[in-house]
Amino acid sequence: MSFGQGGGPQWGSDGQQRVPYDPQQGGQGPYESRPQQGGQRPYDPQQGGQAPFDPFGSGPAQDPASGRTPDWAALADASAAKTRRKRLFLLGGGVLATAAIAGIVATAIVSSSGDGGSRSAGNTAEKLPGPEALPSGASQPEPSFASVAPPPPPDPKDFVSDEKKDTAPLTADSLFPGKKLTMADRAYAKGATARTGDCASAVRSGLGPVLQRNGCDQVFRATYAKDGIAVTVGVAVFGREAEAKKALQQTDGSVLPLKGAGVPAFCEGGPVCRFTANSYGRYAYFTATGYTTAKSVTAGDRTAFRAGDDIAEFTFRQIVRRGNVQASAAAVDPAG
């Protein structure tokens, strides 16, 4: 190895060319590093060694002085690949961790529902106090229930079947209120009304003795008229239901037609009239239907029959209503 000026260039292990030390030019040692003209030191496979280090792993390092630009696309691909590998690794680890936790939870549930859970329930039951140790609660009053069932609601018919219960006011106006009555689309004007304690004077033929014999107390009468047809209804009042029924069975005759208040005499002097009789509770009621002229009522006379039936139905409803009103009052105030 020559240290003269004419000697060939010397190369260091760092790839830099060494020149002899010249005291006149300064320097730090026998050789001074000086960049090789023309770029980096060529790599010679015959002499061994390896290429200079490339910090990005893309091949031999480039000399900055050469002006070459690194392969940024390759570097970006390498960085993206590395990031994907890291992401897959983390994802796989998360899945494994989740599976492991699920397995632990399932094992815990199965273990708690097995014999251990039964033993725990048994131990808890053993620790509960027995019936003799529980408080009796004698300090609190116990609910009491009536041993007798409440009485059934009163029957409205009972109040109109016996004079001892049927104590509501009874007059001709309470039985036959208003100035007219209407049944369906048929309106009847009310004529004269009457009340008598002499039951025989309000009837005719053999009905008088029947009423007296069975204990009749009084008779109420009212007359209704419509289109030349008049109907008189008479209500005979007895003390008990049995007396009214017996009088009905023995009926012979009819109620005496009542004229006046715009209604002329009818069912007198020969014309045929229609008569009915019925009873409800301690009341027996009778009707006499006829024309206000000399005309007779025949078997097929639907108009006359319907008029008599309307007045009889109305009277029946009035007696039933009387029982309902008194039964309702008794249910609200039994003592009254």
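Some values worked out for this structure:
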| quantity | calculated |
| --- | --- |
| Normalised contact order of segment 184-336, rounded percent, pairs of Cα under 8 Å and 6 or more residues apart | 21 |
| Phi-based couplings in Hz for segment 215-232 (Karplus 6.51, -1.76, 1.60; Gly and Pro marked x) | x, 5, 9, 6, 10, 10, 10, 8, 10, 10, 9, 7, 6, x, 10, 10, 9, 9 |
| Per-residue ³J(HN,Hα) for segment 240-255, Karplus 6.51 cos²θ - 1.76 cosθ + 1.60, θ = phi - 60°, Hz, x for Gly and Pro | 9, 5, 4, 5, 5, 5, 5, 5, 5, 5, 9, 4, 8, x, 7, 6 |
| Cα-Cα P(r), segment 155-250, percent of pairs per 5 Å interval | 3, 12, 20, 20, 18, 16, 9, 2, 0 |
| Within segment 260-303: backbone nitrogen closer than 19 Å to the Gln218 label point (7 Å, Cα to C-beta) | 280-286 |
| Violating pairs (Cα-Cα greater than 24 angstrom) within the set Lys246/Lys295; Lys179/Lys295; Lys179/Lys246; Lys179/Lys259; Lys179/Lys245 | Lys246/Lys295; Lys179/Lys295; Lys179/Lys246; Lys179/Lys245 |
| With eigenvalues of the C-alpha gyration tensor scaled by 5 and rooted, segment 200-239, Å | 24, 11, 6 |
| Gain on full stretching of the segment that runs from Val332 to Met183 - 0.36 nm per residue minus C-alpha separation | 50.5 nm |
| Placed amide H near Val272: partners under 5 Å, 5+ positions off or other chain | Ser296, Val297 |
| Ala73 versus Asp155: modelled label distance in nm, points set 7 Å from Cα along the beta carbon direction | 11.4 |
| Gain in span if fully extended, Arg240 to Thr196, counting 0.36 nm per residue against the direct Cα distance | 14.0 nm |
| Separation in nanometres of the label points that stand 7 Å from Cα toward Cβ, at Thr298 and Thr167 | 5.5 |
| Arg306 paired with Arg84, simple spin-label distance in nm, labels 7 Å along Cα-to-beta-carbon | 10.3 |
| log₁₀ of I(q)/I(0) at q = 0.17 Å⁻¹ - segment 194-296, Debye sum with one point per alpha carbon | -0.70 |
| Net charge, Ala265 excluded, C-beta distance under 15 Å - Lys, Arg +1, Asp, Glu -1 | +3 |
| Theoretical gain in end-to-end length, Ala261 to Glu313 [0.36 nm per residue, Cα-Cα removed] | 16.5 nm |
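Laboratory data are not the source of any read-out in this text; all were calculated from the coordinates shown. Remember, predicted model here, so these are calculated numbers, not experimental data. Backbone-built Cβ (ideal geometry, glycine too); neighbour counts: all protein chains shown.
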